[in-house]
Structures are given as structure tokens and as C-alpha cells.
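**Student:** Before we start, here is the structure in question, set down as C-alpha cells.
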Amino acid sequence: MAANSAGEYIKHHLGNLTYGKLPEGYVRECHGHAETLTESTWTFACNGNEAKDMGFAAFHVDSLAWSGGLGIIMCLVFWLAARKATAGVPTGFMNFIETIIEFIDTQVRDSFHGKSKLIAPLSLVIFCWVFLMNLMDLIPVDFIPKTFELIMVNFFGWSAHEAYFKIVPSTDPNITLSMSFCVMLLVIFFTIKTKGVGGFIGTLALHPFEASNPVIKVLLIPVNLLLETIGLLAKPVSLGLRLFGNMYAGEFVFILVAAMMGTWQFIGAWPWAVFHILVITLQAFIFMVLTIVYLSMAVEDH
């Protein structure tokens, strides 16, 4: 495959199906012809430039659909398991589900030092949901995107290069950062619930530098606020970017192998896929454990 076509192949497979608003007067080159919009229009982006011009208000439809669909599947699986739960010795599918629940429960007991009925179910949802999103990375990179491309080209008149479709939600920073910022909101909620509003402000204003002298304590408040606010924001950013970076790198390797080996990609990609199974599981575990640790720190009285 030529270097130019390989580069376009990689860019296309790393692009999202984006839906957003283009301004009046915008010149589009879609479906084989150019047009100038006579009014502001909500539409699907035909290329990376259009997706960029749509700005912050654009939606990554593929990431939202796959993450939401996988979340529904996860809930359905555990709902079916709950219906079949009995007091006897579990076997087969039930044994697998109970093993996961016991594993998560052990991690929560070891890492969370407060009392809350929310933490264990939350940790279970985080681990299983992130794992399922990561697991999509093992599906051959051309299988679902090419199917989507055939449908859009044959039934809706799109051209092949317009049919962006990425199926791994955790390779989209919008998904990983939205999850991590939800964790930050939970941290703030648990801190206020445990220590009150004054206690929450105190954790930001009176630490890490302390002083017995009231004047010095007041002078240290701006410094503490700056450091603790940065630390509070750094937690969700690092949590989300860690997951995104690892999964994006793994997906990039799969796409690179596919671009270089073409129809032989199944042979070239399987060693990396075997190793990547560990990465998929580990990243879901790390995201869950760090969430538990952050929430545990939020409820500590001292």
C-alpha cells in the first residue's frame, strides 16, 4: 500500500462520525459536489475539516451510540443474572457473574475506608462498562466500519471517504474525560456530604501548607487554593487521558498493521491482540481502583 493511501487509511479509521452545526455561508464539498449553505445547518461532517469547524457543540455519534449500547448490554446481562440468582451453588454463567461481583467487592473493601452503599455498585459499573468499551478494540478494524461504509454508500449516496465510523468509545477523549469528570463531581459530592461545605472549602484553602499563626494562615490561603484546585482538576484529567492514551495507542497499532498488511492483517495482528487483552483488562481495573481511592480520600475525616 502506498504511503499516501496508508496515511489516508489511518486518518479515516481514527476519525469519528461527527454531527454538528455549520454556519451560514459555509462552503461544503460532499457527495461529489460543492455547495454553499444558505442557512445554519445541522448535519454530518464529510471530512476532518468540517468536524473541526463544527466546534465544541458537535456530537461524536459513533462513540455515543457504542458507549450507550454497551452500557445497555451490560445492564441487561446483570439484570438477567439477577433474575436467575438462587441460594444454591452457582454454576456456569452465574458463577462467572458472581466471581466478578466478589472481585469488585474485595477491591472496594480493601480500598474504600468509608461507609456507602453506592461505591460497590458504582465500581462494578465502571469496571464492566470500561472493559466492554475497551473490548471493542479486538474487533478487526475493517469489519464494522466497512459494513457501515457499504450501507451509507449504497443506500444514502455517501462517498467512501465520508463514512467515518469508530467503534472503540475509549479511544475518544470526549468519552473518557466525561466519565472522569463525573468521578470528580462524585468526589466533590462525597466531600461535602462528609465534611460539609465549610469542610470542603477548608480542604482547598487550608492544605497542604498550614500555620498556627492566624496571619500566616490567611496569607497561605491563596497558595493553598491554587495548589489544591490544580490537584483537584488534575485527577479527572489524568484519569481520563490515561485511559484514552493507552487505548488510542493500542487501536493505532491495529490500524497500522491493517494498513501495512492489508488482507493479511489477521495474521499480523493476533500477537498484539493477545497482549492487548491484558491492556484492556488492566485499564478498566486502574480506572475503577483510582475512582475508589479518590472517593475514599474524599470521605476521610482528617
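**Student:** Is one or more of the residues making up region 86-105 surrounded by 13 or more Cβ atoms within 10 Å (Cβ to Cβ) and of a type in the set (S, T, Y)?
**Tutor:** no
**Student:** Does I104 meet the test of being in contact (Cβ under 8 Å) with a residue 24 or more places away in the chain, of a type in the set (V, I, T) and in contact with a Leu (Cβ under 7 Å, 6 or more places away or on another chain)?
**Tutor:** Taking the combined requirement at face value, the residue satisfies it.
**Student:** Given (1) surrounded by fewer than 16 Cβ atoms within 10 Å (Cβ to Cβ); (2) modelled with pLDDT of 90 or more; (3) not acidic (D, E), where does A211 come up short, assuming only one miss?
**Tutor:** (2)
**Student:** Taking the stated definitions as given, is A234 surrounded by fewer than 17 Cβ atoms within 10 Å (Cβ to Cβ) and farther than 25 Å from F112 by Cα?
**Tutor:** Against the criterion (surrounded by fewer than 17 Cβ atoms within 10 Å (Cβ to Cβ) and farther than 25 Å from F112 by Cα), A234 does not qualify.
**Student:** Let me ask something else. Of everything in region 100-155 that's β-branched (V, I, T) and either at pLDDT below 90 or closer than 20 Å to V279 by Cβ (or both), which residue is farthest from the chain's Cα centre (by Cα)?
**Tutor:** The selected residue is V153.
**Student:** Could I ask something else about it? Given A259, A249, A273, which one is in a helix (DSSP H, G or I), under 17 Å from the mean Cα position of the chain (by Cα), under 25 Å from H13 (Cα atoms) and small (G, A, S)?
**Tutor:** The match here is A249.
**Student:** Could you say which residue among I286, I292 is in contact (Cβ under 8 Å) with a residue 60 or more places away in the chain, surrounded by 12 or more Cβ atoms within 10 Å (Cβ to Cβ) and in a helix (DSSP H, G or I)?
**Tutor:** I292
**Student:** Test A6 against the stated conditions and say whether it is out of contact with any Leu (no Cβ under 7 Å at 6 or more places or on another chain), of a type in the set (A, V, I, L, M) and either assigned to a helix (DSSP H, G or I) or closer than 25 Å to A259 by Cα (or both). Lay out the reasoning, then the answer.
**Tutor:** Working: out of contact with any Leu (no Cβ under 7 Å at 6 or more places or on another chain): yes; of a type in the set (A, V, I, L, M): yes; either assigned to a helix (DSSP H, G or I) or closer than 25 Å to A259 by Cα (or both): yes.
Criteria met by A6.
**Student:** Return the only residue of L225, L241, L206, L219 being modelled with pLDDT of 90 or more, surrounded by fewer than 18 Cβ atoms within 10 Å (Cβ to Cβ) and over 25 Å from I286 (Cβ atoms). Steps first, answer last, please.
**Tutor:** Numbers: L241 fails: over 25 Å from I286 (Cβ atoms); L206 fails: modelled with pLDDT of 90 or more; L219 fails: modelled with pLDDT of 90 or more.
Residue meeting the stated conditions: L225.
**Student:** Tell me, please, whether a residue that is among the small types (G, A, S), outside any helix (DSSP H, G or I) and surrounded by fewer than 12 Cβ atoms within 10 Å (Cβ to Cβ) can be found in region 55-77. Reasoning before the result, please.
**Tutor:** Going through region 55-77, the residues among the small types (G, A, S) turn out to be 55, 57-58, 63, 65, 67-69, 71.
Going one step further and asking which of them are outside any helix (DSSP H, G or I), we end up with 55, 57-58.
Adding the requirement that they be surrounded by fewer than 12 Cβ atoms within 10 Å (Cβ to Cβ) leaves 55, 57.
Yes, region 55-77 contains at least one residue that is among the small types (G, A, S), outside any helix (DSSP H, G or I) and surrounded by fewer than 12 Cβ atoms within 10 Å (Cβ to Cβ).
**Student:** Could you check region 11-42 and list, in sequence order, the residues that are buried (at least 16 other Cβ atoms within 10 Å of the Cβ) and not in a loop (DSSP other than H, G, I, E, B)?
**Tutor:** H12, H13, T18, Y19, G20, L22, R28, C30
**Student:** Also, I was wondering about something else. Name the residue that is surrounded by the fewest Cβ atoms within 10 Å (Cβ to Cβ), counting only residues in region 138-179 that are in contact with an Asp or Glu (Cβ under 6 Å, 6 or more places away or on another chain) and not in a loop (DSSP other than H, G, I, E, B).
**Tutor:** A160
**Student:** Based on this model, can you work out whether G48 counts as of a type in the set (G, A, S) and either surrounded by 13 or more Cβ atoms within 10 Å (Cβ to Cβ) or at pLDDT 90 or above (or both)?
**Tutor:** It is true that G48 is of a type in the set (G, A, S) and either surrounded by 13 or more Cβ atoms within 10 Å (Cβ to Cβ) or at pLDDT 90 or above (or both).
**Student:** For K117, only one of the following conditions fails: (1) under 21 Å from L14 (Cβ atoms); (2) out of contact with any helix residue (DSSP H, G or I) (no Cβ under 8 Å at 6 or more places or on another chain); (3) charged (D, E, K, R). What is its number?
**Tutor:** (1) is the only condition that K117 fails.
The values are calculated or read from the model by the stated rules, or taken from the named source; none is laboratory data. All values reported here derive from a predicted model rather than from experimental measurement. Every residue, glycine as well, gets a Cβ built from its backbone with ideal geometry; the counts of neighbours run over all protein chains shown.
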